[in-house]
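> If you scroll down you'll find the structure; I have some questions about it.
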Amino acid sequence: MSIPDYSFGNWVKRRRRALDLTQQELARRVGCSLSLIFKIESDNRRPSRQIAELLAEQLEIPPDQHSLFKNVARQEKRVESLDWLAPHVAPQLISTPYQIKTNLPLSLTPIMGREHELRMVIQQLQDPSCRLLTLTGPGGVGKTRLALEVAHRLRDSFNYGACFVSLVGTSAPKFIIPAIADALVFSYSGTIELKSQLFNYLKEKHILLVLDNLEHLLNGIELLDELLKFAPDIKLLTTSREQLNLRAEWTFEVQGLPTPSIIELDDLGSNSAVALFLQSARKAKVNFTPEQGDAQAIAQICQLVEGLPLALELAAAWVNTLSFREIVIEIEHGLDFLATTKRDMPPRHRSIRAVFDYSWSLLIDEERQVMRQLSVFQGGFSREAAEVVAGATLLALSALVGKSLVQRSEDGRYALHELIRQYAATNLQAKAQEEIVITKKHAEYYLTLLQARESALTSSHQKDAFAELNTDIDNIRTAWEVAGTHQQISLLRGATWPLYYFYELHDFFQEGEVVFKRSAEMAQGWLAASGRERTVPERAKLEGALGELLAHQAFFNLRLGHNDRAIKLYRLSIDLLRPLDEIFILTHALLHYGYLCWIIGDFGEALRSLQEGLPFSRSLQHAWLQANYSIARGVVAHELGEYLEAYQMLHEGLMAAHVIGDPHLMSFSGNLFIRTAQRLGKVTEAEDALREGLPLVTEIGDRWGMGLRLERMAVAAQLAGEYVEAGRLFDESVALYQEIGDQWGWSRVLNLQGYFALLTGDGAMARQVFLQAAQIALTAGVTPNVLDALAGLCICCAQEGQSDRALELAILVLQHSASPQDSKDCAEKQRSQLETQLTPKQVDAARERVVGKSLQAVLLELLI
């Protein structure tokens, strides 16, 4: 469909591009689905008033012109009224029809001597049959630099540009998908695995993905084949020291830069290897100028390292202290040694190792120690971490930066080139006792950091604390594994709760489940192996650790929709914790077990769990737990029809969340409060909470919270009689829940949409939506939502003249213990009407048919 030049959708699209925003990023900031932004820009959908207001903010419309923008959005004014709002000029924006913002790093220096390789690689990538091209070669040969240059030159050829994904520091194949998602700034949430969400996002994208450093992740590399099959317009450019051995793979071997045999002083720049060496030498030594007689020594250096760019840069770093001839002698010495003792190593690797050996030999003992110990870091480190873990002072770091062994980024973080890190790590491994000490110090630093950020993660500082920890996620993962390996139980206990909440905020449900399951199994092993060797307090400490790990494992099973498994784990955890002096984690486990029972419809068990934990939460005087207990008791009261009590509890929880300042908790409690306020007809309170909560869920990127918020906005519009807007908001909420895979929320809002369809007279649509909701909820084990759908289908059957079937459904809903009060009220109204229309014999027959019939059997009958 072509869009008129003078359309609102076209104006929004031009404005978004001028602000250098992708559709995905704009959707994330507004807090709506990607499909809505696409429909708005295609003029297939007009935004609601609330969405229009959020669009105005994110498109940087001046505040005094928001009203004009909303009027145009709602077709109350012509789009020409916006002409004076000239789109921003963004010089860095790439002007292709669908280009998203590129994240390709910019090189500070031009690429040298690679024109032939560039032509060949570009030619291969432009071949329609080439979907995956791997640049192979030894470490330090310049694969990454070549790949980036290719991506910069080709990005305009791809509708969605090019994206660079660094896999340095990625410790396992399972983290490839999160790394790609992070590079794309892809926001994900819910119970559907990240891979499925990311694949769906990329399915129709014409984009070049550059995946850098894959050689250590080959065991799980088959997922690239899956991605290529699922997303036919994607091309992958990868770098690896060895082939990926995938069916779709094309390869291009990157070799060292061409080296000269004989070269004259006045012709040094004609050879790319020499040119790179000289460029690096000038960085190391101000006013560096080669003298007569240096040309052949420089040429020999280039030959000895076979033109490897990293080796040239490292060798050039020593021109400040050594002559060219001395550099040649040292490299020759190393090469001779490797040639005779390391014959199984590739020649180019021997050359780079010779450079490393030489660089290493010229470091003082303290610098060598620092380098060894810095190798324990994954994905970079801060100055403070380097000092605490490796004893690296600022002076030592600066010296190593000057010797091209450590890199410093603009944000002040440090990193080792991966090849250098591996070399230093080999030296650390040769000193077994030092390795044990340093890995323990690394674990202590990052798990202590995690523990120190616990209070910030549950406060108004949540966003900053999350960003800080996310930067070091690879170090945190490594630290957790090391602490487990060395049975550092106290260290693990201190970091367990903040790690759980960090994973929750990150929506890392799959990883959270795996990590806590593995740790719980490890703790069970410790207990089994301890026998009588441990004292009673020591066993109690281990049992407490196990109880907490099981509770968090249960939580992530809950978030993944594995409710039966979550129930078993929570019960194991609670039974283990009750006899111990572990009040905090017991209170936490009882809380979330109560939430789980609420979701599956076991309201009596939910109340029992919450009533057991409530006195503990008060005695602990833990504000976050107390707020959650108010919220949990409120939602159970709502389902039981005790709406005034629910309102009071949820209001109490919401106010407590505001005092605490935790944005995640504020969003969650606010949405649940609005539901009860709307049920009681407290329109003003509900609208106030809606207005306050919109910026919150948008700011923290809470897509699940935005689904809840859209759901409540739709109900508010329905209550106000604004049916067109209500329909749009219901559609948006459904789409968002579906995108994030939250079956609980998805089925719930489908039920609301079904009742809305009945209100507007569309019985056929209502039946279709209720059946879909029931199927989704039944699969997820969310029984209350199944029963709510059946209550709606009862109305549909009655309207269709199927009175017997309608009465059967009404009786089933009324008799089931998991039915929310709203569903019971609906069913009771239908039952009283139907029993006046049917004979006593028909009524008795309907009651008999319900006996012993499962929800699955009832739904199957409705689908036939």
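The values are calculated or read from the model by the stated rules, or taken from the named source; none is laboratory data. From a predicted model like this one, the values you see are computed outputs, not experimental measurements. So basically every Cβ, Gly included, is an ideal-geometry build from the backbone, and we count neighbours across all protein chains shown. The protein model used for the area step is the full one, side chains on, heavy atoms only, and it has no ligands, DNA or RNA in it. Shrake-Rupley method; radii C 1.70, N 1.55, O 1.52, S 1.80 Å.
> Only one residue in Leu710, Leu680 is open to solvent by 20 Å² or more (accessible area, probe 1.4 Å), touching a residue at least 24 places away in the same chain (Cβ under 8 Å), hydrophobic (A, V, I, L, M, F, W, C) and over 22 Å from Leu625 (Cβ atoms), so which one is that?
Only one candidate passes the filter, namely Leu680.
> Are any of the residues in the stretch 553-563 open to solvent by 20 Å² or more (accessible area, probe 1.4 Å), under 24 Å from Ala780 (Cα atoms) and not in a loop (DSSP other than H, G, I, E, B)?
Yes; the residues of the stretch 553-563 include at least one that is open to solvent by 20 Å² or more (accessible area, probe 1.4 Å), under 24 Å from Ala780 (Cα atoms) and not in a loop (DSSP other than H, G, I, E, B).
> For Thr170, are the conditions met, namely being of a type in the set (S, T, N, Q), crowded, with 18+ Cβ neighbours inside 10 Å and assigned to a loop (DSSP other than H, G, I, E, B)?
yes
> Hey, can you tell me all the residues within the stretch 104-145 that are touching a residue at least 60 places away in the same chain (Cβ under 8 Å), closer than 24 Å to Glu418 by Cβ and in a loop (DSSP other than H, G, I, E, B)?
Leu104, Thr109, Met112, Gly113, Arg114, Gly137, Pro138, Gly139, Gly140, Val141, Gly142
> Now for a different question. Quickly run through the stretch 678-734 and pick out the residues that are β-branched (Val, Ile, Thr) and within 32 Å of the chain's Cα centre (by Cα).
Val697, Thr698, Ile700, Val715, Val734
> So which residues in the stretch 823-844 are among the hydroxyl-bearing types (Ser, Thr, Tyr) and within 51 Å of the chain's Cα centre (by Cα), if there are any at all? Steps first, answer last, please.
Our first condition is that a residue be among the hydroxyl-bearing types (Ser, Thr, Tyr); within the stretch 823-844, this holds for 823, 832, 836, 839.
Result: Ser823, Ser832.
> Could you please tell me which pairs satisfy a Cβ distance under 8 Å, a separation of 6+ or placement on different chains, a first residue in the stretch 351-365 that is at pLDDT 85 or above and open to solvent by 10 Å² or more (accessible area, probe 1.4 Å), and a second residue that is of a type in the set (Asp, Glu) and part of a helix (DSSP H, G or I)?
Listed pairs, sorted by first residue: none to list.
> Any residue at all in the stretch 456-474 that is open to solvent by 30 Å² or more (accessible area, probe 1.4 Å) and of a type in the set (Phe, Trp, Tyr)?
Checked the stretch 456-474: at least one residue is open to solvent by 30 Å² or more (accessible area, probe 1.4 Å) and of a type in the set (Phe, Trp, Tyr).
> Please find, within the stretch 366-396, the residue that is surrounded by the most Cβ atoms within 10 Å (Cβ to Cβ) out of those that are free of Cβ contacts under 8 Å to residues at least 24 places away in the same chain and under 25 Å from Leu469 (Cα atoms).
Residue satisfying both the conditions and the ranking: Ala392.
> While we're here: Taking the stated definitions as given, is Glu60 open to solvent by 10 Å² or more (accessible area, probe 1.4 Å) and in contact with a His (Cβ under 9 Å, 6 or more places away or on another chain)?
yes
> I would also like to ask the following. Residues being part of a helix (DSSP H, G or I), closer than 14 Å to Ala281 by Cα and open to solvent by 10 Å² or more (accessible area, probe 1.4 Å): count how many of those fall in the stretch 298-319.
Number satisfying all stated conditions: 3.
> Checking Lys195 against (1) open to solvent by 10 Å² or more (accessible area, probe 1.4 Å); (2) in contact (Cβ under 8 Å) with a residue 40 or more places away in the chain, which test does it fail?
Of (1) open to solvent by 10 Å² or more (accessible area, probe 1.4 Å); (2) in contact (Cβ under 8 Å) with a residue 40 or more places away in the chain, only one is false for Lys195: (2).
> Being in contact with a helix residue (DSSP H, G or I) (Cβ under 7 Å, 6 or more places away or on another chain), polar (S, T, N, Q) and open to solvent by 30 Å² or more (accessible area, probe 1.4 Å) narrows it down to one residue among Gln621, Gln648, Gln626, Gln611; which is it? Don't jump to the end; show me each part of the working.
Numbers: Gln621 fails: in contact with a helix residue (DSSP H, G or I) (Cβ under 7 Å, 6 or more places away or on another chain); Gln648 fails: in contact with a helix residue (DSSP H, G or I) (Cβ under 7 Å, 6 or more places away or on another chain); Gln611 fails: in contact with a helix residue (DSSP H, G or I) (Cβ under 7 Å, 6 or more places away or on another chain).
Unique residue meeting the criteria: Gln626.
Here is a yes/no grid of residues against (1) within 30 Å of Ala566 (Cβ to Cβ); (2) open to solvent by 10 Å² or more (accessible area, probe 1.4 Å):
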{"site": "Ala773", "(1), (2)": "yes, no"}
{"site": "Ala777", "(1), (2)": "yes, no"}
{"site": "Asp788", "(1), (2)": "yes, yes"}
{"site": "Gln821", "(1), (2)": "yes, yes"}
{"site": "Thr836", "(1), (2)": "no, yes"}
{"site": "Ala846", "(1), (2)": "no, no"}
{"site": "Val851", "(1), (2)": "no, yes"}
{"site": "Leu855", "(1), (2)": "yes, yes"}
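> Just checking, which of Asn159, Asn219 is part of a helix (DSSP H, G or I), open to solvent by 20 Å² or more (accessible area, probe 1.4 Å) and of a type outside the set (Phe, Trp, Tyr)?
Details: Asn159 fails: part of a helix (DSSP H, G or I).
On inspection, the qualifying residue turns out to be Asn219.
> Which condition from (1) modelled with pLDDT of 85 or more; (2) of a type in the set (Ser, Thr, Tyr); (3) not in a helix (DSSP H, G or I) is the one that Ser196 breaks?
(3)
> Within the stretch 397-417, is there a residue that is in contact with a strand residue (DSSP E or B) (Cβ under 6 Å, 6 or more places away or on another chain), outside any helix (DSSP H, G or I), without any contact (Cβ under 8 Å) to a residue 24 or more places away in the chain and more than 30 Å from Glu332 (Cβ to Cβ)?
yes
> Further, regarding this structure: Restricting to the stretch 478-530, name every residue that is buried (at least 21 other Cβ atoms within 10 Å of the Cβ), under 24 Å from Val376 (Cβ atoms) and either in contact with a Pro (Cβ under 6 Å, 6 or more places away or on another chain) or not hydrophobic (A, V, I, L, M, F, W, C) (or both).
Thr478, Thr496, Pro498, Tyr503, Ser519
> Do we have Arg282 as free of Cβ contacts under 8 Å to residues at least 12 places away in the same chain and exposed (fewer than 15 other Cβ atoms within 10 Å of the Cβ) here?
Answer is yes for this residue.
> With (1) over 30 Å from Arg29 (Cα atoms); (2) at pLDDT 85 or above; (3) open to solvent by less than 20 Å² (accessible area, probe 1.4 Å) as the list, and Ile263 as the residue in question, which single condition is left unmet?
(2)
> Given Ser573, Ser519, which one is hydroxyl-bearing (Ser, Thr, Tyr) and either modelled with pLDDT under 95 or within 23 Å of Lys174 (Cα to Cα) (or both)?
After applying the criteria, what remains is Ser519.
> Can you go through Leu750, Leu814, Leu834, Leu809 and tell me which one is touching a residue at least 40 places away in the same chain (Cβ under 8 Å) and either among the aromatic types (Phe, Trp, Tyr) or in a helix (DSSP H, G or I) (or both)?
On inspection, the qualifying residue turns out to be Leu809.
> Listed residues Leu591, Leu558; which is under 29 Å from the mean Cα position of the chain (by Cα), of a type in the set (A, V, I, L, M) and modelled with pLDDT under 95?
On inspection, the qualifying residue turns out to be Leu558.
> Does the stretch 683-701 hold any residues that are more than 14 Å from His658 (Cβ to Cβ) and open to solvent by less than 60 Å² (accessible area, probe 1.4 Å), and which are they?
Ala686, Leu690, Leu694, Val697, Thr698, Ile700, Gly701
> Against the condition within 30 Å of Asp564 (Cβ to Cβ), in a helix (DSSP H, G or I), at pLDDT below 95 and open to solvent by less than 20 Å² (accessible area, probe 1.4 Å), how does Ala827 come out, does it pass?
Numbers: within 30 Å of Asp564 (Cβ to Cβ): yes; in a helix (DSSP H, G or I): yes; at pLDDT below 95: no; open to solvent by less than 20 Å² (accessible area, probe 1.4 Å): yes.
For Ala827, the condition - within 30 Å of Asp564 (Cβ to Cβ), in a helix (DSSP H, G or I), at pLDDT below 95 and open to solvent by less than 20 Å² (accessible area, probe 1.4 Å) - is not met.
> OK, next. Which residue pairs have Cβ atoms closer than 6 Å, lie 6 or more positions apart in sequence or on different chains, and pair a first residue in the stretch 1-21 that is farther than 8 Å from Glu41 by Cα and surrounded by fewer than 17 Cβ atoms within 10 Å (Cβ to Cβ) with a second residue that is of a type outside the set (Val, Ile, Thr) and modelled with pLDDT of 55 or more?
Ile3/Gly9; Ile3/Asn10; Ile3/Asp43; Ser7/Asp43
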